[in-house]
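Each reported figure results from applying straightforward, stated rules to the coordinates on display, with no laboratory input. Bear in mind the structure is a predicted one, so any value in this text is a computation, not a measurement. All Cβ positions, glycine included, derive from the backbone under ideal geometry; neighbour counts span all protein chains shown.
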Amino acid sequence: MAHIFVLAALIVNSLNFGTAQAQPLLDNPNASAAAAYCTSTGGVVEHRRPVYGTNNPKSQWLYLSGSALFCQYTAKDASRIHLLLTTLYTTQPTLATLAYYAKVKYNNSCPGGANPSSCYCTQLGGSDQFGGATLAGGAWVLQHTTDVALQACIFPDMSSIDSWGLFYHSAGIVRGIDLTKVLKYHNPH
């Protein structure tokens, strides 16, 4: 069990050393410009922390090192989509933006009862797993909000869009906002 905690810590700590373009931390020099852009396009900036064990009672949650700024868009129907501010604001391609634009069909490769958005994230080459495939769970947490525990699909380049948003978009369902209208990196096709 200890190796799961070590793996989770390594994954989160790797986020702390992301490239300048996709760096998810608060000290990113573009954070204030990205935050202003988020709000100017109808989003809300959220400061979230990574937490291991979110499927357990809150008293057993393990708050991990680091934090990240996300932009949340909410539609009139109350559906939402979240993405890292750096993913929203960069003019360069990222794996998350390319995955959103590509709308790759879900291959139904999950075992019965598994979370389809998590499986879809994995199918695209990302991960939203904290500590591997365990039942403990994990998420990007912000207390006192509708989506307390956010399941974010993080790609190897440290770009990220929430797993459910990607999953629904692959089926032609827009949650929150059509990101193609606000992403600074425009669809290459």
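Specify the inter-centroid distance of segment 120-189 and segment 40-74, based on alpha-carbon positions, in whole Å.
Each part's Cα centre sits 12 Å from the other's.
Order by neighbour count: T39, T87, T54, fewest other Cβ atoms within 10 Å first, most last.
Fewest to most other Cβ atoms nearby, the residues stand as T39, T54, T87.
Please turn the phi angles of segment 91-107 into ³J(HN,Hα) values with the Karplus equation 6.51 cos²θ - 1.76 cosθ + 1.60 (θ = phi - 60°), one per residue in order, whole Hz, x for glycine and proline.
8, 9, x, 10, 5, 5, 5, 5, 5, 5, 5, 5, 6, 4, 5, 5, 9
Could you put W61, W140 in order, starting from the residue whose Cβ has the fewest other Cβ atoms within 10 Å?
Ranked by crowding around the Cβ, least crowded first: W61, W140.
Among the trypsin sites (Lys or Arg not before Pro) in segment 66-160, which ones are in a DSSP loop with at most 13 other Cβ atoms within 10 Å of the Cβ? Mind listing them?
Answer in residue order: K76, K103, K105.
Could you name the lysines whose alpha carbon sits less than 24 Å from that of K76, not counting residues in the same chain fewer than 8 places away?
K103, K181, K184
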